[in-house]
Structures are given as C-alpha cells and as structure tokens.
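None of the figures in this text is laboratory data; all of them are computed from the coordinates on show. This one's a predicted model, so the numbers in the text were calculated from it and none came from an experiment. Cβ atoms come from the backbone with ideal geometry, glycine included; neighbour counts cover every protein chain shown.
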Amino acid sequence: MLLLTQHVTPSGPRWAAQGYYLPEGFNLELLLTMQRVGINALLRTLPGTQIAEESLLPPIEAGQEVWASGVTYRRSRDARQAESSVGDVYQMVYEAERPELFFKSIGWRTVGAGSPVRIRADSTWNVPEPEMVLVMNQHREIVGFTLGNDMSSRDIEGRNPLYLPQAKIYRGACALGPGIIIADPDEFRDLPIRIEIVRNGLTTFQGETSITQMKRPFEELVKYLFQEEDFPEGVFLMTGTGVVPPDTFTLQVGDVVRVSTSTHDDQDYILENPVES
C-alpha cells in the first residue's frame, strides 16, 4: 500500500507519496488515465526528497466527481426504513439487482481532513455517514481507496426519497481523506470502518463495522456506475455506511467527526472534521 496525499503549499496545491512531495505539476487526473499496473510503479519511481509537512487538502482534483452508493449494508437499510414514511422503497433497493447510485459532489466542493463539514440550516436531523470510498481510473479499475464522510439530513430525505439530492448534496456535505491508499482491492475488502463523534471533549457516539458486511461487492457497484457513464479522469465512489447513530442523535455545531480504518500492515488512517452550520 502507498499513501497519496495533497497539500497546501505557497506555490499552490501539491501531491505527495509516502510523505514526500512529488514533482511539481503531478496531477491525479493524469495519473488516473493510466492502467492500474503502472500507477504503483510510477509513484515509487518518481523522485521525492522534500518532506510534505503542510496542511492537507482533499485527495481529489477540482473537476473530478464523487458518486455514492445507498442501502448497501443491512444497518443502513433498517435506518432508512425507520426514518421514512415510505420505507418499503429502501427494502426494494436492498433486494434489487440494481444498486442505488447518485452523484454526491464535485472535487472543488469536497473538503479534506481538518476542514469543516456542515449541517443544513433547514434540517433538524443531521448525521455523518462513515464510508470507504473507492478510487477508479478511466479503465474501470479500482486502484485504491480513501475514507469518506457522507453528511446527510435524515429528516429531509425521510419526508420523501425524491428529496435525496437536497439531503445529500450541499456545501460541506462531502469529506474525503486523509489521502488515497493505492492498493489492490483484495488488500482492503475486509477492513474495519469506525466512527467517533466528540462533543465538548467527550465521545458522544462511536461505532464500527466491517467492509465484509456489505451486501454488494465492490465490482458490482463499479459495474453499474460505469454502465452508461465515462470518467476519463477517474472517479470516486462512496460505498455506503454500516454505522448509523441512533434516531435520537443529531449533530451539533462544534462536534468533531472522526472516520478511521486500520490496514493489514498496522497503519491507521483518520479523517477528522469539525462541524459547522
């Protein structure tokens, strides 16, 4: 596994691999035009001697897209049914051949580790959704993953599933980071996904699931995403959530959301974001 991160520098955004800056001009969009077999080799051969110490940016270029999958875990299905007055549609999606896929964000609207996520002012029930996010190249190959927080206004979506874009797509609703872990899919099919929400210095909610609890394999989601779409500069796909706070919980301004995983080589990755309105 190899960690690819993007940083703020005096000369503008710059990418790094394994904590060392890549040559200026390196571009993720260009990297994701390559086939998977060449990506890892290229990143390991590019020179890098300067340590990347500046603040993190989201690991995505401004024009790249983030899509999302819904109702891929049983826990998510149950939560959607509970919040909705038309809950049967979620059961239908869970059991259907075709998965739920929807556009989530564009790169320039996505926030990275340390930057704030937001709760909608016109919503009274807002939750984070911790997710593994697949990174694909233009050739429909999964080249790695990152962590994601799919912020959701559950009361808005619960009134009517057609309100999903308003519940899911707004300023500060999508966080990715801390970086992209370049790896073969078999290296991360069984990783844990954890969430911790801190309020006033105390943990107010925490939970954990495993990617093994997903109903649909990665490849099935990718197949449907690319079925009538082209992504010449690569694409990101949130794979759904299996950890849902209780119905009595809603985020507050000042909360801190931490999404994390641990890989088989004992590396911990954390996406942490404060909550704003």
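Brief remarks follow.
- Split the chain at each of the GluC sites (Glu not before Pro) in a DSSP loop with at most 13 other beta carbon atoms within 10 Å, and the longest piece is 98-227.
- Ranking of ARG154, ARG171, ARG14 by neighbouring Cβ atoms within 10 Å, starting from the fewest: ARG171, ARG14, ARG154.
- Ascending count of other beta-carbon atoms within 10 Å, so fewest first, for HIS7, HIS264: HIS264, HIS7
- Here the gap between PHE103 and THR45, fully extended at 0.36 nm per residue and compared with their Cα-Cα distance, gives a gain of 17.4 nm.
- Top of ALA52, ALA173, ALA62 by mean-square fluctuation, Gaussian network on the chain, Cα under 10 Å: ALA62
- Taking other C-beta atoms within 10 angstrom as a stand-in for reagent exposure, THR203, THR45 fall in the order THR45, THR203, fewest first.
- Cα centroid separation, the stretch 8-65 to the stretch 202-247: 24 Å.
- Potential lengthening of the chain between GLN252 and GLU24 amounts to 78.1 nm, from the contour at 0.36 nm per residue minus the alpha-carbon distance.
- Charge context of ASP268, other residues only, Cβ under 13 angstrom, K/R +1, D/E -1: -2
- Whether the stretch 234-277 is rounded, prolate or oblate, judged on the alpha carbon gyration tensor where a/c under 1.5 counts as rounded: prolate
- Placing pseudo-labels 7 Å out from each Cα toward the beta carbon at MET92 and SER262 gives an inter-label distance of 4.2 nm.
- Short-range pairs are left out: with C-alpha atoms under 8 Å and at least six residues apart, the relative contact order of the chain is 24 percent.
- Calculation over all alpha carbon pairs of the stretch 57-276 in 5 angstrom steps from 0 returns a P(r) of 1, 7, 16, 21, 22, 18, 10, 4, 1, 0 percent.
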